[in-house]
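The values are calculated or read from the model by the stated rules, or taken from the named source; none is laboratory data. Quick caveat: nothing in here was measured; it's all calculated off a predicted structure. Note that each Cβ is placed from the backbone with ideal geometry, even for glycine, and that neighbours are counted across all protein chains shown.
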Amino acid sequence: METPPVTDALGDLPLVLPRTPAGRPGPSCGQEIKTAGAGPRLMGFEKVLRCPTSLRRGKRRRGEPRDSGERWQSRSCFWTCAPPFEESRPACFGPTAAVYRGIGGGVKPQYSSVSALAGLCGGAPETVYARLTRLQKRRNTQGAECSAMDTETGLSTRPARLDLGVAGGISLISWLAYLATLTPSLSFVSPDGNELATIPAILGLAHPPGYPLYTWLGKLFTLIPVGDVAYRVNLMSATLGALAIGGLYLIIIQLLPAGLAGRRVAAALAALIFAFGPTVWSQAVIAEVYAPNLAFFALTLLCLLHWERTRRDRHFFVFALVFGLSLGMHLSDLGFAPAFAVFILLTDWRVLRRPKWCLAGLAGFGLGAAQYLWIRLQTHRVDPQLLLGNIPDGLTGLYAYTLGAFSQLKFAFPASALPERLVVYLYLLRQELGRLAIFVGVGGLVSLLLRRPRHYFLLVGMYVVHVWFFIQYKVFDLEVFFLPAHFIWAVFVAFGAAEVLTAARKLAVRWMPAGRTSAVVHGALATLVLISAFTPLLRNWGQADHSDDVAINDFYANVWEMLPQSAGLLTRSGVFGYDAFYWRLAYGTRPDVYLPVTPGAKAAPADLQEQSVYSTVGLEALQRAASRTLRPAGLMIRDSWMTSLLVGARTASSASTTWAAGDHLTLYRLDSDAPSLVVDRASPSITIEQPLGDVTLVGADVSPQTVESGGRIHLVLYWRVAGAQAPTVSVGVDSIPLERHEIGFGNLVRYEAEIGPVAGRVVMENYWLVIPSTLAEGEHSLTIGIRDAKETVELTRMTVTDEQGRYERWLNATG
Amino acid sequence: MAQRHWLTAIGAVILVGMLVCGAFSLGVYYGKQGFSGDTLRTTPEAGPLVRLRDEFGQPDLRGRVRRAVPGVLDLATSEGPRSVEVNTETRFLDESGATMNVADFRSGDLVAVYGELNTVAGRVFIARLVVRLPPRATVQP
């Protein structure tokens, strides 16, 4: 056998590649490669070459006769080299392949020696050789052959330490931004966030489907000694959301082939754009399941990719376990199962023939999903208002509470509506990641298909099922349900961005001299891209900032102070009632106050007969069918007067929501007698006599002049009105509205009908106004005006102090 | 290698299918709505809210109708697209206060909605009353 000596262009161990007697090109499978000179034998390569290789020279296939002078190229199916890989080495094909190229008449390999690979990878030759040998041995032990893997570029790549560091950095940046904009405690803007902030603290049962894992993790976070209980659960959203962003980066970096330039830049770009999208950010700053769900979604994918590389049954078990656990964050993750199955079979269809692996998968998934059996144990803690008519008792009840919940929302649109629903999804995608991301993502899909076909089927399978399901889901705020789909689209965006960067780099290399200039251009481009990744951070900061969302806490801290002993308090029921239930359930606040619709409370009319009854719900809502409130049967409210005692203040973030008209920030007292609305003679301490539209502000009494931030001031306003249809007025601080109410708080019409005319008379409003705990210390102007009118009148100047921190004040209110 | 070719081919078919679905949907949507700006989000117009507030109070939601079918009212609001559940108890009124049906609503109608979020999970908005506003809104004084 001829062994023409050749010299490795890069390594210091020349490689001898003999020709085979059959004239087949280069080293063939099973052929031993000997080195000439000192150094380890390339036994590792020999074993690598045992795997079926894909020989390719342009369109030539393996086995075709090779003429002298032709180039041949073989590609091993073996790839994990000693990290780290340096992207600055243009010839390195990265960790996914060891490539060498031979030219007819003499083989001139490029990276064909262990030392060459070691030189590329930055490791010692001995280390590379040992690792190759070890990994090959493991593969042979596992019985995993390369045939299933060889037909594509390669497996996902184990992240380098540098990538772990970058992921950590991106997570940290995200976490800091979320922390800075985190809701301080209970949220005004989240429909069911306050329930989800309370339930973990008491290990209770949330609304269907129950969210067991969320509850348990939340319980752990409530043990962190910072802020109050609700803040700690909000912190969980921020922390897990940030981890999800780091996980996204790691997923992308494992999928992007090393041959693509700027892969770290592209991955970081996609992760940061996703991190600071409006919906992701909005969910990371409140107590909700969506941000934690993203973390487990990312973890599931990472576990799957890890199994793909190692092919060990215990890693398969871990993946299945994590997948099962993720269902405790959001049951819709179950829709990813078909895509996982397809990917697993494409990776190694022999999984079906290995009972050990099948058992591992089923056991792991079963163990994770078994968390829902905990719901069955919590039946006694269920809020009756949340039952949907089903008690999670027995398998049927358990199904109805979990998979069967909200069935009326699923597939709620006819086929004719689907095109428009898909447009809604595209609109939401554009809102989240930007218009450019849609186009770049489409390009990324093509790149993913060509470079990672198996992973394409995984991600596209997950994506299509998820989008298809939720475009037919009839909910008010659909955007939060598409977060996993946006997560996947970010991966596509990363692929598209990497292709763009690769093309840009090729142009730069072509048009500019090699060496330093190319590196400068590369670095400048990378910097530009990363700067643009922070554009969503700046654009969405204002909207996402909920750090001043203190309305609920400030209001209820004052409610508990004002309520007399043994009063009754009617509140909203169900998830909305947790504005009030939180205090009782998490802290045991005011156990003397009777809350009829608190979970577990048994309301009886006799309980409220002798008590003063208060309400945070308006009369009209109380009188309506009990869709939002529940009052004890027999409690007569039809003839009751609702006197406003305390009005909460809205801040910027709470004022931006359209969830409700905000009547739940008012404390009413139910009286059988009419309030003293009209006075014969007004003698305010502050005389104003200012016409405002159709009414005249006669004067006001304001006390005290010095108020603690988060406390309350007493207002008595005197109005001369033209009739019972009085306008809405706005009371604010420094002309920023804090609260709006109709003059008379909705009682004027009834007063005129039952007591006497009000036109031309002086109407007196007597109530307390909450001063937000976000108000800075110092002197402020208390203003009043007609709603939406620019003109305001200064009532008085007041001094705000902040001797107590807001958490101290709130926690003091809990008793 | 053969497997990879098959995967690529099937994947290409799926990709083309996705693009076709997206393009078709956009075509259907813009065919109905036209290309006049962002029709999934609308700036809240003042409308004749003085009369509304006097009679019904502050509306919980305002927007333009995108689609009205029994059971669901799809709106374009200042917060983007929103779906509102309507049922047999929902009242529909036109500009003059006369009763109407959900099927009488047309795409682009300006409406004010009164209702509440579902108690159970808060993700479903159940309309109690839907009032169609005049097409040309008057500016609130």
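Residue B:15 - would you say it is at the interface with chain A (Cβ under 7 Å from one of its Cβ atoms) and modelled with pLDDT of 85 or more?
Judged against the criteria, residue B:15 is a match.
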Checklist outcome for this item: Checked A:811, A:795 against criteria (in contact (Cβ under 8 Å) with a residue 60 or more places away in the chain and either within 14 Å of another protein chain (Cβ to nearest Cβ) or in contact with a strand residue (DSSP E or B) (Cβ under 6 Å, 6 or more places away or on another chain) (or both)); the one match is A:795
Next on the checklist: Can you confirm whether residue B:77 is facing chain A (nearest Cβ under 8 Å), out of contact with any helix residue (DSSP H, G or I) (no Cβ under 9 Å at 6 or more places or on another chain) and of a type outside the set (Gly, Ala, Ser)?
Outcome noted: yes
Checklist outcome for this item: The correct count of residues that are part of a helix (DSSP H, G or I) and more than 20 Å from residue A:406 (Cβ to Cβ) in the stretch A:195-219 is 9
Next on the checklist: One residue is enough: does the stretch A:461-470 have a residue meeting the conditions within 10 Å of chain B (Cβ to nearest Cβ), under 20 Å from the mean Cα position of the chain (by Cα) and either touching a residue at least 12 places away in the same chain (Cβ under 8 Å) or closer than 23 Å to residue A:269 by Cβ (or both)?
Outcome noted: yes
Checklist entry - For the stretch A:172-196, how many residues meet the condition of being under 14 Å from residue A:236 (Cα atoms) and aromatic (Phe, Trp, Tyr)? => result 2
Next on the checklist: Every residue in the stretch A:403-451 that is surrounded by fewer than 19 Cβ atoms within 10 Å (Cβ to Cβ), in a helix (DSSP H, G or I) and more than 10 Å from chain B (Cβ to nearest Cβ), please.
Outcome noted: A:407, A:415, A:435, A:436, A:439, A:443
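Which residues, taken from the stretch A:563-573, are outside any loop (DSSP other than H, G, I, E, B) and in contact with a Leu (Cβ under 6 Å, 6 or more places away or on another chain)?
A:568, A:569
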Checklist entry - Only one of (1) outside any loop (DSSP other than H, G, I, E, B); (2) within 14 Å of another protein chain (Cβ to nearest Cβ) is not met by residue A:187, so which one is it? => result (1)
Next on the checklist: Within the stretch A:313-322, does at least one residue satisfy the condition of being of a type in the set (Lys, Arg) and either without any contact (Cβ under 8 Å) to a residue 40 or more places away in the chain or closer than 24 Å to residue B:10 by Cβ (or both)?
Outcome noted: no
Next on the checklist: Of everything in the stretch A:749-779, what is more than 49 Å from the chain's Cα centre (by Cα) and in a helix (DSSP H, G or I)? Give them in sequence order.
Outcome noted: A:751, A:752, A:753, A:754
Checklist entry - Within the group A:185, A:174, which residue is closer than 21 Å to residue A:805 by Cβ and out of contact with any Gly (no Cβ under 6 Å at 6 or more places or on another chain)? => result A:185
Next on the checklist: Among the residues that make up the stretch A:214-234, is at least one of them closer than 30 Å to residue A:454 by Cα and of a type in the set (A, V, I, L, M, F, W, C)?
Outcome noted: no
Checklist outcome for this item: Of A:261, A:268, A:242, the only residue that is in contact with a Lys or Arg (Cβ under 7 Å, 6 or more places away or on another chain) and either more than 14 Å from chain B (Cβ to nearest Cβ) or free of Cβ contacts under 8 Å to residues at least 12 places away in the same chain (or both) is A:261
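Can you work out which of the residues in the stretch A:542-570 that are crowded, with 23+ Cβ neighbours inside 10 Å and among the polar types (S, T, N, Q) is farthest from the other protein chains (Cβ to nearest Cβ)?
Restricting attention to the stretch A:542-570, the residues satisfying the condition of being crowded, with 23+ Cβ neighbours inside 10 Å are A:544, A:546, A:549-559, A:568-570.
This time we only want the ones that are among the polar types (S, T, N, Q), so: A:553, A:558.
Working: A:553: 19, A:558: 23 Å.
Selected residue: A:558.
Filter the stretch A:205-239 down to the residues that are within 14 Å of chain B (Cβ to nearest Cβ) and among the aliphatic types (A, V, I, L, M), then identify the one that is farthest from the chain's Cα centre (by Cα).
Only one residue fits best here, namely A:205.
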Item to check | One residue from A:742, A:779, A:754 being more than 14 Å from every other protein chain (Cβ to nearest Cβ), surrounded by fewer than 21 Cβ atoms within 10 Å (Cβ to Cβ) and free of Cβ contacts under 8 Å to residues at least 24 places away in the same chain | outcome: A:779
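Looking only at the stretch A:305-346, which residues are of a type in the set (Val, Ile, Thr) and either closer than 30 Å to residue A:411 by Cα or buried (at least 22 other Cβ atoms within 10 Å of the Cβ) (or both)? Spell out how you get there, then give the answer.
Looking only at the stretch A:305-346, we keep the residues that are of a type in the set (Val, Ile, Thr), and these are A:310, A:318, A:322, A:342, A:344.
A:322, A:342, A:344, listed by residue number.
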Next on the checklist: Restricting to the stretch B:18-32, give me the number of residues that are more than 7 Å from every other protein chain (Cβ to nearest Cβ) and over 24 Å from residue A:451 (Cβ atoms).
Outcome noted: 5
